[in-house]
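Please treat every number below as a calculation from the coordinates, not as lab data. In this text the structure is predicted, and so the values were computed from the model without any measurement. Ideal geometry is used to build each Cβ from the backbone, glycine not excepted, and the neighbour counts take in all protein chains shown.
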């Protein structure tokens, strides 16, 4: 019995030890306008200083809404920096590292330096291409890359668009902190290690029952 208990402790310790290294997940939510809601999900690998970001806008209104531009402050501190190496954007959209938009003037990224921010707008060509979000649907903007600095809490969002694509007077704009939560998830190697520990535990119990 003593040997079995020792085996249990060793196997579970191996599995649980793997959870020491984990990804940090930061999720922010914000209502952009009535029935128009946003969610930003930032996942950080603090070992390699890399990140993935999914920014989603969901429309539950009866009309087709649009988004013209948005910017998110992801990182802060003296060394704050964003370097995007991969992205998925609507046709006609562009992105800029370390920039943000100006809701009071032009709707796109300003070109000024704002370390730790990530900006995207519909001004890739001379003809603006707002992203349409039909009733009952959502749109995702995804990014990946590397970073410097520390993640900020709350995530700070600036964005603008229309609540009704057919009504130029239905403009919406936000510039505020998102309702943000921070957690962690085990990295894949840690889950594998835990599984190995549990398999070892089961094998040990099986051998013990045969003694």
*asked:* Anything in the range 46-73 that is over 19 Å from residue 28 (Cα atoms), touching a residue at least 40 places away in the same chain (Cβ under 8 Å) and over 17 Å from the mean Cα position of the chain (by Cα)? List them, or say none.
replied: 61, 62, 63, 64, 65, 66, 68
*Restricting attention to the range 124-132, does a residue exist that is out of contact with any strand residue (DSSP E or B) (no Cβ under 8 Å at 6 or more places or on another chain), free of Cβ contacts under 8 Å to residues at least 12 places away in the same chain and surrounded by fewer than 21 Cβ atoms within 10 Å (Cβ to Cβ)?*
yes
